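This report refers to the structure that appears directly beneath it.
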């Protein structure tokens, strides 16, 4: 009877080890279509990245007294993790709607410390702005202004 217990324990241990070998950690699981290959230098390994948006909680709009007007944004927020990577800013404009994306490209296999990193920047909007109403969105933060 003692021998059967030992054999059963060894079998369960072996099955547990084999089952864990094929498992993926939650950090390595990504949603389909969210990964973008990065550009690599010659000889570098190509790593997949994901766009991680910065949490924006304040946008101060400054309109320069020029004709046509120029707009500058003072942006404050935080990165949702402690990875120290370059911040990317992308702008687009359709009519009176201005979209600004603030984000970082993180390699999907990168493990970051679980801390919030503050973010502050001044962003000059591209182009000139005629008199009128505009909707400015910085990530999920939106506000309207009149010039």
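The values are calculated or read from the model by the stated rules, or taken from the named source; none is laboratory data. This structure is a prediction, so every number in the text was calculated from the model and none was measured. Using ideal geometry, Cβ is built from the backbone for each residue, glycine included, and neighbour counts are taken over all protein chains shown.
Only a single criterion out of (1) surrounded by 11 or more Cβ atoms within 10 Å (Cβ to Cβ); (2) under 13 Å from the mean Cα position of the chain (by Cα); (3) not in a strand (DSSP E or B) is not satisfied by residue 104, namely (3).
Summed over region 67-93, the residues that are free of Cβ contacts under 8 Å to residues at least 24 places away in the same chain and more than 23 Å from the chain's Cα centre (by Cα) give a count of 1.
Looking across region 132-147, the residues that are assigned to a loop (DSSP other than H, G, I, E, B) and surrounded by 12 or more Cβ atoms within 10 Å (Cβ to Cβ) come down to 139, 147. Could you tell me how many of the residues in region 107-131 are part of a strand (DSSP E or B) and free of Cβ contacts under 8 Å to residues at least 60 places away in the same chain? Matching residues across region 107-131 total 7.
Using the structure shown, decide if residue 58 is in contact with a strand residue (DSSP E or B) (Cβ under 6 Å, 6 or more places away or on another chain), surrounded by fewer than 16 Cβ atoms within 10 Å (Cβ to Cβ) and at pLDDT 95 or above.
It is true that residue 58 is in contact with a strand residue (DSSP E or B) (Cβ under 6 Å, 6 or more places away or on another chain), surrounded by fewer than 16 Cβ atoms within 10 Å (Cβ to Cβ) and at pLDDT 95 or above.
Residues of region 77-96 that are surrounded by 16 or more Cβ atoms within 10 Å (Cβ to Cβ) and part of a strand (DSSP E or B): 77, 79.
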